[in-house]
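Structure first, then comments.
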Amino acid sequence: MGVKLKNIVILPGDGIGPEVIAQGEKTIQAIGYRFNHAFNLDYALIGGQAIKKTGNPFPKKTYEKCKNADAILLGAIGDPVYDHDPNAKVRPEEGLLALRKKLKLFANIRPIKVYEKLKHLSPLKNERIKDVNFIIYRELTGGIYYGEKGRYEGGTIAYDHCVYSIGEIKRIAILAFEASMGRKKKLCLVDKANVLETSRLWRQVIQEMAKDYPEVETSYLYIDNAAMQIMNAPAQFDIILTANLFGDILSDEASIIPGSLGLLPSASIGFDSCLFEPVHGSFPQAAGKDIANPMGTILSVAMMFRHFDMNEEADAIEQAIDLCMEEGIMTKDLDVEVHYSCSQLGDLIYSIIAEELDQINKKQLSLGSSSII
Ligand code: IPM
Ligand code: MG
């Protein structure tokens, strides 16, 4: 086991971002302690916080730090102050969009899996969510999000162009096909090829690439049908590959299946940079209350280690989460009678990883003394 040194830039962001990120940091420290690695953690501003302090949701300093990092860990972005103001000059979300574009984080990877212990929280019937385990590969730096947009006729007509190149489609498709080879070898392209020219280009490229992956069962669904299938029979999916806006919508829809948004991690990958963040938003109503669910962030840290090819480290984190689930140690959102705070959960995950625990002493936990930190 070689000692690893990684430079990680932390962007706590808005709302509950700083609270969940603090638990992600504890997880990183625990991995450092147990596996004898060193991590340099650096911090930078993004989103609403950055607007407040600098006027810019993605300050140049943040870009410089992120560009040179081995990985970026992000909390959440979004501030309700801007949500209801269609004339706001600058929005927190622009920070995220600029970060993705400037670091060329073209592949957004969002795994959806159901935890046995939480099955009752899913709005879907238990027989429908049996064996659900799929990953959405969402293109993240192209399409309608980044095409030319504007208004004319004195502002009374607005447009957003959707543009894709073969190169943009291929680079994410390769990641999706490769991932499917290590899984159930099933890939589904979701598009709207019956209407959109960009979708027809996606189909053309994927059909061509599918010839290089004869073992992979490649299928095609229109977005409207896919949205229905995800609710109706989610277990049929393994890898879903799709464009930016479709992936945005489908990943929120799919996040309902496991019963809590708070559990879901994500990775955004480029050739030179990578970013990890929970799927949930900034949840401003919960900010400062220490009630947020840090599991999505902690599982994002596991995705980070897997991306570094540090699989033992990633496994240790996922096992710690599984142990908490099994023991019913969860935050309030998971609707348990006895619930724990965001920071308690982070402390506990630290202890499980650092002390290699395979059972939890709940009494110690409630006294807040179960930890070597
Ligand atoms: C997401 C979010 C963002 C997106 C917003 C905050 C700009 O919804 O990461 O899914 O639309 O991509
Ligand atoms: Mg979204």
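Some notes on this structure:
- For a label point 7 Å along the Cα-to-beta-carbon line of residue 104, residues of the range 207-244 with backbone N under 19 Å: 244
- Sequence-distant residues sharing a close amide H with residue 112 (under 5 Å, placed H): 134, 135, 136
- DSSP-loop GluC sites (Glu not before Pro) across the range 296-337, with at most 10 other Cβ within 10 angstrom: 337
- The 3J(HN,Hα) values that the Karplus relation (6.51, -1.76, 1.60; θ = phi - 60°) gives for the range 271-276 are, in residue order, 6, 10, 9, 8, 9, 10 Hz. Gly and Pro appear as x.
- Between 41, 227, 346, the Cα set farthest toward the positive side of the dipole of the chain (charges on each charged residue's Cβ, about the Cα centre) is that of 41.
- If you plug the beta carbon distance of residue 203 and residue 34 into 1/(1 + (r/R0)^6) with R0 = 35 Å, you get a FRET efficiency near 0.15.
- Over the range 190-346, relative contact order from alpha-carbon pairs under 8 Å, at least 6 apart, %: 16 percent
- Rounded tilt (10° steps) of 197-210 against the dominant C-alpha axis of the chain: 70 degrees
- Of the GluC sites (Glu not before Pro) in the range 109-151, those whose Cβ has at most 13 other Cβ within 10 Å and which sit in DSSP loop: 148
- Among residues other than residue 204 with Cβ under 15 Å from its Cβ, the summed charge is 0 (Lys and Arg +1, Asp and Glu -1).
- Cβ-derived FRET efficiency at R0 25 Å, residue 119 paired with residue 358, nearest 0.05: 0.60
- Heavy-atom accessible surface of the chain: percent carbon and sulfur, 1.4 Å: 51 percent
- Helix 342-354 axis, angle to the chain major axis (alpha carbon atoms, nearest 10°): 70 degrees
- Karplus-derived HN-Hα couplings along the range 94-99 (A = 6.51, B = -1.76, C = 1.60, θ = phi - 60°), whole Hz, x at Gly and Pro: 4, x, 5, 5, 5, 4
- Mean separation of Cα contacts under 8 Å, 6 or more apart, over the residue count of the range 123-257: relative contact order %: 39 percent
- Probing with 1.4 Å while keeping every protein chain in the model, the per residue accessible area of the range 123-257 equals 49 Å².
- If the segment from residue 186 to residue 290 were pulled out straight at 0.36 nm per residue, it would be longer than the present Cα-Cα gap by 33.4 nm.
- The GluC sites (Glu not before Pro) found in the range 187-262 that occupy coil by DSSP, while having at most 13 further C-beta atoms within 10 Å, are 215.
- The value of relative contact order for the chain, using C-alpha pairs under 8 Å at least six residues apart, is 22 percent.
- Toward the positive end of the charge dipole of the range 123-257, with +1 on the Cβ of Lys and Arg and -1 on the Cβ of Asp and Glu, the farthest Cα among 145, 155, 177 is that of 177.
- In degrees, nearest ten, helix 17-35 long axis to first principal axis of the chain (Cα): 60 degrees
The values are calculated or read from the model by the stated rules, or taken from the named source; none is laboratory data. Everything quoted here is computed from the prediction, not taken from an experiment. So basically every Cβ, Gly included, is an ideal-geometry build from the backbone, and we count neighbours across all protein chains shown. Accessible surface areas use protein heavy atoms only, side chains included; no ligands, DNA or RNA. Shrake-Rupley method; radii C 1.70, N 1.55, O 1.52, S 1.80 Å.
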